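One structure is given here, and the rest of the page talks about it.
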Amino acid sequence: MPRLELVSHALCPYVQRAVIALTEKGVPFTRTVVDLDNKPAWFSALSPLGKVPLLRVDDAVLFESAVICDYLDETLEPRLHPADPLERARHRAWIEFASTVLNDIWRLYTAADEAGFDARRTDLATRFDQIEAVLSEGPWFGGERFSLVDAAFGPVFRYFDVFDSFVDLRLFDGRPKTKAWRQALAARPSVQGAVAPDYPERLRAFVVRQGGYLGQLALQVEQAA
């Protein structure tokens, strides 16, 4: 068994994917958290893109969460990707779709005003309509078996667990399969343990620092409390 070290950031959803995969496989690993606003020299030397996650495998270094998760799935049991090549390719496509949803979430919490915020919310509603149309009967993306698509979407839904505390986006109304999938992922131990207990407070503070409309809503709720 190689020595595994995951270089992380406290809020990064792509790091969470790797943590979930490692946890599902039950392998020991260490986690090193870096401050991306003050990157240490050793990190900059290891990360070609200056991003997390990185996975140190003994003396080798992998970057990009999709590559890391595929490596873990190819080398460690239990396998989280489907055995069938076509279905495996389909799952990889939906993992990429999850990255698109994360980009839409970034646009949501950085929208400067209400009009921009509402437009981004509409974009996300469209994404979740697309997801609703392809989901199985659950509890997971592909049915009874937890997969790397589930690992990719756990961090997606976690954002809304925090956003729900200060805004009603109503993104899961009328989307029962997506709502049930979100709830199943929130209860999964590997998903729960992918972040530190103070994640909600950290994310809320981060959103406020962006200075956008969503951060203003968060501040209004805090001031009214």
Item to complete: Out of Ala184, Ala180, report the one residue that is within 30 Å of Leu76 (Cβ to Cβ), touching a strand residue (DSSP E or B) at 6+ places or on another chain (Cβ under 8 Å) and part of a helix (DSSP H, G or I).
Response: Ala184
Response to the item:
Restricting segment 157-169 to residues that are charged (D, E, K, R) and outside any loop (DSSP other than H, G, I, E, B), the one most open to solvent (accessible area, probe 1.4 Å) turns out to be Asp161
Practice prompt. Might you let me know whether segment 141-156 holds any residue that is at negative phi, of a type in the set (S, T, N, Q) and open to solvent by 30 Å² or more (accessible area, probe 1.4 Å)?
Written response: no
Response to the item:
Ala205: passes all of (1) without any contact (Cβ under 8 Å) to a residue 24 or more places away in the chain; (2) small (Gly, Ala, Ser); (3) over 26 Å from Asp35 (Cα atoms) but (3)
Practice prompt. Check off (1) free of Cβ contacts under 8 Å to residues at least 60 places away in the same chain; (2) small (Gly, Ala, Ser); (3) under 30 Å from Gln210 (Cα atoms) for Ala60 and give me the number that stays unchecked.
Written response: (3)
Discussion item. Out of Ser136, Ser190, I need the residue that is touching a helix residue (DSSP H, G or I) at 6+ places or on another chain (Cβ under 7 Å) and polar (S, T, N, Q). Which one?
Written reply: Ser190
Discussion item. Are there helices (runs of 4 or more DSSP H) fully within segment 21-136 with at least 3 residues that are out of contact with any Leu (no Cβ under 8 Å at 6 or more places or on another chain) and open to solvent by less than 20 Å² (accessible area, probe 1.4 Å)? List them.
Written reply: 85-110
Response to the item:
Being touching a residue at least 24 places away in the same chain (Cβ under 8 Å) and farther than 19 Å from Phe157 by Cα narrows Pro28, Pro48, Pro40 down to just Pro28
Response to the item:
Of the conditions (1) in contact with a Phe, Trp or Tyr (Cβ under 9 Å, 6 or more places away or on another chain); (2) of a type outside the set (Val, Ile, Thr); (3) touching a residue at least 60 places away in the same chain (Cβ under 8 Å), the single one that Leu169 does not satisfy is (3)
Worksheet item: Taking segment 170-210 as the region of interest, how many residues are open to solvent by less than 50 Å² (accessible area, probe 1.4 Å), of a type outside the set (Phe, Trp, Tyr) and farther than 26 Å from Thr23 by Cα?
Response: 5
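The values are calculated or read from the model by the stated rules, or taken from the named source; none is laboratory data. Predicted model only: the values in this text are computed from it and were never measured. FYI the Cβ positions are ideal-geometry reconstructions off the backbone, even for glycines, and counts take in every protein chain you see. Remember, those area values only see protein heavy atoms, side chains included, never the ligands or the DNA or RNA. Shrake-Rupley method; radii C 1.70, N 1.55, O 1.52, S 1.80 Å.
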